[in-house]
Amino acid sequence: MKKPAARPALAAPRPDPLAELRDRRGEPPAAFTATDAKKRFGRVLEMVLRGGAVVITRHDAPKAILISVDDFNALTRPTDRTLDALSADFDAMLARMQTPKARARMKAAFDASPKKVGRAAVAAARKRG
């Protein structure tokens, strides 16, 4: 007696590669195939200039994103937080932690019982709202 042929397993649906992409307004960007983007470049450019982003796809996969010069500059502009600024902030914080008062508070925190630490954590969370 012959066994019945096994049915091929159904492939799980592939996630949409465009689903997670958002423009600066939080909306899904428009998508064009490379061919359509080439044919309708004026329309694509107008969409980008109005503040949107346009995804260029090839074979149903995103390959490039067209954004405005302003958006590009905002993404590539160096931030104000340089390594020197971060080092200065760290040094200042470390200096504040070296006072006798700060040392006493740290000692009290390490010597506290778990119950006392729990109460202090709840009180601090309530203060933050």
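The values are calculated or read from the model by the stated rules, or taken from the named source; none is laboratory data. The structure presented is a predicted model; accordingly, all values stated were derived computationally and were not measured. FYI the Cβ positions are ideal-geometry reconstructions off the backbone, even for glycines, and counts take in every protein chain you see. Just so you know, the surface numbers come from the protein's heavy atoms only, side chains and all, with ligands and any DNA or RNA stripped out. Shrake-Rupley method; radii C 1.70, N 1.55, O 1.52, S 1.80 Å.
Restricting attention to segment 66-83, and to residues there that are farther than 11 Å from Ala30 by Cβ and in contact with a helix residue (DSSP H, G or I) (Cβ under 8 Å, 6 or more places away or on another chain), which single residue is surrounded by the fewest Cβ atoms within 10 Å (Cβ to Cβ)? Step through it out loud before you land on a result.
The first filter runs over segment 66-83 and keeps only residues farther than 11 Å from Ala30 by Cβ, leaving 67-83.
From what's left, in contact with a helix residue (DSSP H, G or I) (Cβ under 8 Å, 6 or more places away or on another chain): 67-68.
Details: Ile67: 18, Ser68: 16.
Looking at the filtered set, the residue picked out is Ser68.
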Breaking point among (1) charged (D, E, K, R); (2) out of contact with any helix residue (DSSP H, G or I) (no Cβ under 8 Å at 6 or more places or on another chain); (3) touching a residue at least 24 places away in the same chain (Cβ under 8 Å), for Lys63: (2)
For segment 32-50, enumerate the residues that are open to solvent by 50 Å² or more (accessible area, probe 1.4 Å) and within 12 Å of Pro62 (Cβ to Cβ). Thr33
Anything in segment 84-106 that is open to solvent by less than 100 Å² (accessible area, probe 1.4 Å) and either closer than 30 Å to Arg22 by Cβ or part of a helix (DSSP H, G or I) (or both)? List them, or say none. Ala85, Leu86, Ser87, Ala88, Asp89, Asp91, Ala92, Met93, Leu94, Ala95, Ala102, Ala104
Taking Pro114 as the residue in question, decide whether it is of a type outside the set (S, T, N, Q), more than 30 Å from Pro29 (Cβ to Cβ) and exposed (fewer than 11 other Cβ atoms within 10 Å of the Cβ). yes
All positions within segment 51-60 that are of a type in the set (A, V, I, L, M), open to solvent by less than 30 Å² (accessible area, probe 1.4 Å) and in a strand (DSSP E or B): Val54, Val55
